[in-house]
Amino acid sequence: MEVVIAPAEQLAVLAADAIESLVRSNPATVLGLATGSSPLKVYDELARRHEQERLSFARVRAFMLDEYVGLAADHPERYRNVIDTEIASRVDLGPGAVQGPDGLADDLPAACAAYEAAIADAGGVDLQILGIGTDGHIAFNEPGSSLASRTRIKTLTRQTRLDNARFFDDDVDRVPTHCLTQGLGTIMDARHLVLLATGPHKAEAVHQLVEGPISAMWPATVMQMHPHATVLVDDAAASRLQLGDYYRQTFESKPGWQGL
Ligand code: F6R
């Protein structure tokens, strides 16, 4: 696991560099997209490169991590719509190039199985962007999630609903109670995991993710078992890392050609 501690703007550039290098070497790259605040600067940087540097996503396919259950198709916080607003509509991703779990399906388990099959049919995810919840969730794999889980329905914790109330007029009761989410096993199948976390409220979760024992109580710790995981954090999110100085020193002395 590589840990990079840098200002948020630089983290976004590093993540965008990794994505750009994949897409330029394989225009049919499969990306994994996260919603929430953490990847927004990365999406801004990708949109800028598309506009100013002719970075094309015309053949890229993308899979979302998760979706709320039951939010109306036109609800602005439906993750499908958030991804369209934040990235898909700002670059040249083709129609139908982005897929997400169908939180409006009549048969939710069948929708989850179909989603797993769609990811497999695409050849799996090359690079998965992730954020982390204050309780250590990735996607919506809340504490207690099986480390081998696949796409399924989950109940959101009170903490996650409180954290996300800011997107629902600060009214926690408007935050859906359930979601469909890629499982930890699904996420672990992606070939490169790139997690972004900024702010002091993420410090404990980041400490557990990088330095804690692997445990379903901190689901993100499963990433310690991934052969290619990158954790991009600002000073505030890194403030509880025991080996912070070592991670800084390692990044400063990293060969320029190496990339993430
Ligand atoms: C969103 C997702 C979640 C968020 C996490 C952090 O698709 O999968 O795991 O990444 O809740 O959210 P932010 O980035 O808003 O702090």
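With in a loop (DSSP other than H, G, I, E, B) and either charged (D, E, K, R) or open to solvent by less than 20 Å² (accessible area, probe 1.4 Å) (or both) as the only criterion, which of Gly144, Gly133, Gly123 stands out?
Of Gly144, Gly133, Gly123, the one residue that is in a loop (DSSP other than H, G, I, E, B) and either charged (D, E, K, R) or open to solvent by less than 20 Å² (accessible area, probe 1.4 Å) (or both) is Gly133.
Only one residue in Gly199, Gly244, Gly183 is open to solvent by less than 20 Å² (accessible area, probe 1.4 Å), over 21 Å from Gly70 (Cβ atoms) and within 15 Å of the ligand (Cβ to nearest atom), so which one is that?
Gly199
When both residues are 6+ apart or on different chains and their Cβ atoms are under 7 Å apart, which pairs have a first residue that lies in the range 234-260 and is without any contact (Cβ under 8 Å) to a residue 60 or more places away in the chain, and a second that is open to solvent by less than 90 Å² (accessible area, probe 1.4 Å) and outside any helix (DSSP H, G or I)?
As it stands, the answer is Ala236/Thr198; Ala236/Gly199; Ala237/Ala197; Ala237/Thr198; Ala237/Gly199, since those pairs meet every condition given.
Which residue out of Glu67, Glu45, Glu77 is modelled with pLDDT of 95 or more, in contact with a strand residue (DSSP E or B) (Cβ under 6 Å, 6 or more places away or on another chain) and of a type in the set (Asp, Glu)?
Glu67
Just to be sure before I move on: is Val30 in contact with a His (Cβ under 6 Å, 6 or more places away or on another chain), open to solvent by less than 60 Å² (accessible area, probe 1.4 Å) and touching a residue at least 12 places away in the same chain (Cβ under 8 Å) in the structure I sent?
The answer is no for Val30.
Return the residues of the range 66-98 that are within 16 Å of the ligand (Cβ to nearest atom), assigned to a loop (DSSP other than H, G, I, E, B) and without any contact (Cβ under 8 Å) to a residue 60 or more places away in the chain; say none if nothing qualifies.
His75, Pro76, Arg78, Ile87, listed by residue number.
The values are calculated or read from the model by the stated rules, or taken from the named source; none is laboratory data. Treat the numbers as computed from the prediction; the structure is a model and nothing was measured. Neighbour counts run over all protein chains shown; Cβ positions are idealised from the backbone, glycine included. Note: areas computed on protein heavy atoms with side chains; ligands, DNA, RNA excluded. Shrake-Rupley method; radii C 1.70, N 1.55, O 1.52, S 1.80 Å.
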